[in-house]
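Peer 1: Mind having a look at this structure? Questions to follow.
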Amino acid sequence: MIAAHWKDNVVRWILLAAASTSIVVVILIFLFLIKEAAPFAHHPGLRELFARRWNPVSFQKESFGLLPLVTGSLLVTALATAVAVPFGVIGAIYLSEVAATAERELLKPFIELLAGIPSVVIGFFGLVVLAPWVKAVFHLATGLTALTGALLLALMAIPTIISISEDAIRAVPMSYKEASLALGASPLQTIWRITVPAALPGIIAAVMLGMGRVIGETMAVMMVTGNAAIVTFSPFESVRTMTATIAAEMGEVPFGSDHYRALFWVGIVLLLATFAINLVAQKVLKRYRLAHE
Amino acid sequence: MSKARTERAFFWLMRGATYFIVLAIAYIILDIVRHGLPAISWRFLTGFPQKSGAEGGILPAIVGTSCLVIGAIVAALPVGMASAIYLSEYARQGAFVRTLRLAIVTLAGVPSIVFGLFGLGLFVLFLGFGASILSGSLTLACMILPTIIVSSEEALRAVPQSLREGSLALGATKWQTIYENVLPYSLPGMLTGSILGVGRAAGETAPILLTVAAFFLPKLPRSVFDQVMALPYHLYILATQHPDVEKVRPMQYGTALVLLVLVLGVSLGAIVLRSHFRRKYRW
Amino acid sequence: MTANSPSEVKIEVEGLNFFYGPVQALFDVAMRIPARQVTALIGPSGCGKSTFLRTVNRMNDIIPGARIEGKVLIDGRDIYANGTDVVTLRKKVGMVFQKSNPFPKSVFENVAYGPRIHGAAARPALAEIVERSLRRAGLWDEVKDRLDASALDLSGGQQQRLCIARALAIGPEILLMDEPASALDPRSTARIEDLIGELRRDYTIVIVTHNMQQAARVSDFTAFFYEGQLIEFGRTKQIFTMPREKQTEDYITGRFG
């Protein structure tokens, strides 16, 4: 319908090609992970991944069971979420509903700062300061435990949770709050009975995105969780997460070996897990945004 | 009025929780600064590592990180900005745009170590670049692409639609309108968003672990195919794998401080720039 | 509904139906707008007058889902025919928006923008065009000493006259104005209305207004729209004193709208 000028058309195609890069990269990521991991399915076979031990370097029999790694990730993630959610949600509520504007203008960027600290620096801090502290307080043999890792991860997830939850809380229409206050409810009652429930989908999405970040975190956990690939649910034991496994072992592994390919499988599981969490979180966020337009 | 009392107690609890986080952040930063400052010296910043990194300086790591970051930006910025322009100005609702947005969100959520595996598989092995600045930069570029796209698109959408309409009504083509009347006002916002991407790229360890990093390389890189030291990786090895961990503590703290200053400085710069430009362009 | 036109017909519309996606906004509109006269489009909110205005310079094209049936002929040529160059069309048909939208550039750059993108580049030539357009728009005396100041520093009325100057700078034959004075104070409104009276000598002007007194003051011909249909079209004097349709009479006497 519209007679376009040729230069405009060329520009449009260039921009389109550039935009497609994102799609291409995602496809390539999946492709190359599968490419390196696939031969494992032949030999020793995918069933090996379901074994109960991860012992890839052994003179007798190598085991490539992902279970200890998965439980390690789950344990650390669960603990981190348990710590991050209360602090994160309460922090978000405080910042959006209770804090004075000047206070918020100061605190918010400061907390965003935390999100900017490289994970290796946080891991370093955990190693040198937090781990000995944990060891002393809980009388453990070593401070390199799931708990230590969880505490660091919580710190890293909190800015994400606060940021997105705060957006969700600010999006709750003024009219709800006014109606509640007009009925004689106190500010605190209004917050807990009206505002937070209304913002709940957004808060849940925030928590899920925080969890996604936690599961994918590598350096900080690698430096403080002790790296023992065992199946345990005690926070005071050393564990191994999926991320740490890849990072720690990839450097030493011979190319093309079963161990090498098993590590790529760990990567695939990791990718699928974070993809699923992020997808669900985005859907929740989208529905929440539509409901409040 | 006991109810008011309980309310106030609750508020103080919430205040406490929030400030506890603030204190934790402050503690971490102060700890690094306190222990890292003594290690900083001219020799530290400009010298080469000696005795397996236990002494000397970290210049190669600083240079290495800079090379990686510059490479990542050179690769990701044009592609990211172009993608954002497409999404904001040209895209129409449809399957392609939906897929594109899904891809961007997915990329944003991929764990950094998985990027490392990807970089290993594609750049190091398949394309044969080997462990090099090239592989590392390209991997980092893929990682920061979503950040650049999202913040650039935001900057573009901040330009009021009335400007575009006014230009089109005067007979300008779509690209003329974008080039003359949208880009000039969104460029600052796009750039500050990209600077945030730079900060991220500088601090990441996992992607470069598998694609570029070397630990003890007491010389500067000469080509993009060289391996290189990097600050985050250097800190990691010093902290976890050096045989004499206690002795090199000052080096560790020094490296951590340099990295922290670099990353936070860049982020701070971006935030300052952003508020400066917000004030400059009132609509 | 043909007009009692004294001279040529500049814009002729036949069987125009317009859709925003599944919703129809204009129903079978037919009209002949005479050249070098002021034609006012009146009607209650949402009756389609702005939509109709925007079909004349194909500004509706940028709305996703917009669809048109029928013909819009300018100087006898259908502007929706295949192969029409929209850019050239918009050089011929200028537009002034309801809310003035000067670019965040200097006064000079705002007016020079149009000529510049259409090829003129030499500064002396541009300066001449800018001065000429600003004089036409009755703004030259107020801004001639601050051509390089930001356009956003001008008052509301001045900004709107700047937008008119900007539209004039590309040398159009037709001027479309979408409620150009609705956001202005009475004095600025009066100035714009005087301006329209002067511009009428050289341009065909189509103006959308919700202010009936303004339509009566300013226009030669009036078209009354209601719910997407053209109810009546004729000389302004006739429409306002002896309307043929009852709906027209009801609207004009204020019974609704």
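Peer 1: Just to be sure I understand, how many residues within region A:261-284 are surrounded by 18 or more Cβ atoms within 10 Å (Cβ to Cβ) and more than 10 Å from chain B (Cβ to nearest Cβ)?
Peer 2: 4
Peer 1: Same structure again: Does A:Ile117 satisfy being of a type outside the set (Gly, Ala, Ser) and either buried (at least 17 other Cβ atoms within 10 Å of the Cβ) or in contact (Cβ under 8 Å) with a residue 40 or more places away in the chain (or both)?
Peer 2: Here the answer is yes, as A:Ile117 does meet what is asked.
Peer 1: Please work out which residue is farthest from the chain's Cα centre (by Cα), limiting yourself to region A:85-118 and to residues that are closer than 25 Å to B:Ala202 by Cβ and more than 7 Å from chain B (Cβ to nearest Cβ).
Peer 2: A:Lys108
Peer 1: Now for a separate question. Select from region B:16-51 the residues that are among the hydroxyl-bearing types (Ser, Thr, Tyr) and surrounded by 16 or more Cβ atoms within 10 Å (Cβ to Cβ) and list them in ascending order. So that I can check it myself, show each step before the final result.
Peer 2: Start the filter on region B:16-51 by keeping residues that are among the hydroxyl-bearing types (Ser, Thr, Tyr), which leaves B:18-19, B:27, B:41, B:46.
Within region B:16-51, just B:Thr18 meets the criteria.
Peer 1: Scan B:Ala256, B:Ala239 and give me the residue that is under 16 Å from A:Met219 (Cα atoms), within 11 Å of chain A (Cβ to nearest Cβ) and either touching a residue at least 24 places away in the same chain (Cβ under 8 Å) or among the acidic types (Asp, Glu) (or both).
Peer 2: Of the residues listed, the single one that is under 16 Å from A:Met219 (Cα atoms), within 11 Å of chain A (Cβ to nearest Cβ) and either touching a residue at least 24 places away in the same chain (Cβ under 8 Å) or among the acidic types (Asp, Glu) (or both) is B:Ala256.
Peer 1: Also, I was wondering about something else. Being within 12 Å of chain A (Cβ to nearest Cβ), closer than 17 Å to B:Leu196 by Cβ and among the small types (Gly, Ala, Ser) is the filter here; which residues of region B:64-105 pass it?
Peer 2: Result: B:Ala75, B:Ala76, B:Gly80, B:Ser83, B:Ala84.
Peer 1: For the structure I just gave you, tell me whether A:Arg47 is more than 7 Å from chain B (Cβ to nearest Cβ) and either in contact with a strand residue (DSSP E or B) (Cβ under 7 Å, 6 or more places away or on another chain) or charged (D, E, K, R) (or both).
Peer 2: Yes; evaluated as a whole, the condition is true for this residue.
Peer 1: When region B:187-204 is examined, which residues are found to be within 14 Å of chain A (Cβ to nearest Cβ) and of a type in the set (A, V, I, L, M, F, W, C)?
Peer 2: B:Met190, B:Ile195, B:Leu196, B:Val198, B:Ala201, B:Ala202
Peer 1: Another question about this same structure. Listed residues B:Ile32, B:Ile40; which is touching a Leu at 6+ places or on another chain (Cβ under 8 Å), facing another protein chain (nearest Cβ under 8 Å) and among the aliphatic types (A, V, I, L, M)? Walk me through it before giving the result.
Peer 2: Details: B:Ile40 fails: facing another protein chain (nearest Cβ under 8 Å).
Every option except B:Ile32 fails the conditions.
Peer 1: Looking at C:Ser100, is it part of a loop (DSSP other than H, G, I, E, B), touching a Lys or Arg at 6+ places or on another chain (Cβ under 9 Å), among the polar types (S, T, N, Q) and under 20 Å from B:Glu165 (Cβ atoms)?
Peer 2: For C:Ser100, the condition - part of a loop (DSSP other than H, G, I, E, B), touching a Lys or Arg at 6+ places or on another chain (Cβ under 9 Å), among the polar types (S, T, N, Q) and under 20 Å from B:Glu165 (Cβ atoms) - is met.
Peer 1: As an exercise: evaluate A:Ile29 against (1) within 13 Å of another protein chain (Cβ to nearest Cβ); (2) within 26 Å of the chain's Cα centre (by Cα); (3) within 14 Å of A:Tyr260 (Cβ to Cβ) and give the number of the one condition it does not meet.
Peer 2: (3)
Peer 1: Consider B:Gly136 carefully, then state whether it is more than 8 Å from chain A (Cβ to nearest Cβ) and outside any helix (DSSP H, G or I).
Peer 2: So B:Gly136 does not fit the description; no.
Peer 1: For B:Gly136, indicate whether it is under 20 Å from the mean Cα position of the chain (by Cα) and in contact (Cβ under 8 Å) with a residue 24 or more places away in the chain. Give the derivation first.
Peer 2: On the way: under 20 Å from the mean Cα position of the chain (by Cα): yes; in contact (Cβ under 8 Å) with a residue 24 or more places away in the chain: yes.
Considered against the rule, which asks whether it is under 20 Å from the mean Cα position of the chain (by Cα) and in contact (Cβ under 8 Å) with a residue 24 or more places away in the chain, B:Gly136 comes out as yes.
Peer 1: Looking at (1) over 18 Å from the mean Cα position of the chain (by Cα); (2) modelled with pLDDT of 85 or more, find the lone condition where B:Val266 falls short.
Peer 2: Result: B:Val266 passes all but (1).
Yes/no per residue for (1) part of a strand (DSSP E or B); (2) within 13 Å of another protein chain (Cβ to nearest Cβ); (3) closer than 30 Å to A:Trp265 by Cβ:
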| site | (1), (2), (3) |
| --- | --- |
| A:Ala168 | no, no, no |
| A:Lys177 | no, no, no |
| A:Ala185 | no, yes, no |
| A:Ile194 | no, no, no |
| A:Pro201 | no, no, no |
| A:Val207 | no, no, yes |
| A:Met223 | no, yes, yes |
| A:Pro235 | no, no, yes |
| A:Thr243 | no, yes, yes |
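Peer 1: How do the strands (runs of 3 or more DSSP E) wholly within region C:1-85 filter down when requiring 3 or more residues that are within 14 Å of chain A (Cβ to nearest Cβ): which remain? Break it down into steps so the answer makes sense when it comes.
Peer 2: On the way: elements: C:9-20, C:23-34, C:38-42, C:66-74.
Where strands (runs of 3 or more DSSP E) fall fully within region C:1-85 and carry at least 3 residues being within 14 Å of chain A (Cβ to nearest Cβ), they are C:66-74.
Peer 1: Something else: Looking at (1) more than 8 Å from every other protein chain (Cβ to nearest Cβ); (2) under 28 Å from B:Gly121 (Cβ atoms); (3) not acidic (Asp, Glu), which is the only condition B:Leu209 fails?
Peer 2: (1)
Peer 1: Which residues, taken from region C:160-184, are surrounded by 23 or more Cβ atoms within 10 Å (Cβ to Cβ) and free of Cβ contacts under 8 Å to residues at least 60 places away in the same chain?
Peer 2: C:Arg161, C:Ala165, C:Ala169, C:Ala181, listed by residue number.
Peer 1: When you check C:Asp220 against the structure, is it free of Cβ contacts under 8 Å to residues at least 60 places away in the same chain and surrounded by fewer than 23 Cβ atoms within 10 Å (Cβ to Cβ), yes or no?
Peer 2: no
Peer 1: Could you please find all residues in region C:149-177 being within 13 Å of chain B (Cβ to nearest Cβ) and farther than 12 Å from C:Gly94 by Cβ?
Peer 2: Residues satisfying the conditions are C:Ser150, C:Ala151, C:Leu152, C:Asp153, C:Gln159, C:Gln160, C:Leu162.
Peer 1: I'd like to check something: does region B:164-186 contain any residue that is at the interface with chain A (Cβ under 10 Å from one of its Cβ atoms), surrounded by fewer than 24 Cβ atoms within 10 Å (Cβ to Cβ) and part of a loop (DSSP other than H, G, I, E, B)?
Peer 2: Within region B:164-186 (the criterion being at the interface with chain A (Cβ under 10 Å from one of its Cβ atoms), surrounded by fewer than 24 Cβ atoms within 10 Å (Cβ to Cβ) and part of a loop (DSSP other than H, G, I, E, B)), the answer is yes, since at least one residue qualifies.
Peer 1: Residue by residue through region B:101-133, note down the ones that are of a type in the set (Phe, Trp, Tyr) and surrounded by fewer than 23 Cβ atoms within 10 Å (Cβ to Cβ).
Peer 2: B:Phe126, B:Phe129
Peer 1: Restricting to region B:106-133, and then to whatever is assigned to a helix (DSSP H, G or I) and of a type in the set (Gly, Ala, Ser), can you tell me which residue is farthest from the other protein chains (Cβ to nearest Cβ)?
Peer 2: My answer is B:Gly119.
Peer 1: Separate question: If the requirement is being crowded, with 24+ Cβ neighbours inside 10 Å and at pLDDT below 90, which of these qualifies: A:Thr232, A:Thr225, A:Thr190?
Peer 2: Only one candidate passes the filter, namely A:Thr225.
Peer 1: Now for a different question. For region A:245-254, which residues satisfy the criterion of being more than 8 Å from every other protein chain (Cβ to nearest Cβ) and either of a type in the set (Gly, Ala, Ser) or not in a helix (DSSP H, G or I) (or both)?
Peer 2: Selection gives A:Ala248, A:Glu252, A:Val253, A:Pro254.
Peer 1: Still on this structure, please answer the following. Only one of (1) part of a helix (DSSP H, G or I); (2) over 14 Å from the mean Cα position of the chain (by Cα); (3) in contact (Cβ under 8 Å) with a residue 60 or more places away in the chain fails for A:Leu140. Which number is that?
Peer 2: If we test A:Leu140 against (1) part of a helix (DSSP H, G or I); (2) over 14 Å from the mean Cα position of the chain (by Cα); (3) in contact (Cβ under 8 Å) with a residue 60 or more places away in the chain, just (1) comes out false.
For every residue, the table says whether it meets (1) surrounded by fewer than 19 Cβ atoms within 10 Å (Cβ to Cβ); (2) charged (D, E, K, R); (3) in contact with a Leu (Cβ under 7 Å, 6 or more places away or on another chain).
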site	(1), (2), (3)
C:Asp202	yes, yes, no
C:His210	yes, no, no
C:Phe224	no, no, no
C:Ile252	no, no, no
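The values are calculated or read from the model by the stated rules, or taken from the named source; none is laboratory data. Predicted model, so just to flag it, every value in this text is computed and none were measured. Don't worry about glycine lacking a Cβ; one is built from the backbone with ideal geometry, like all the others, and counts go over all protein chains shown.
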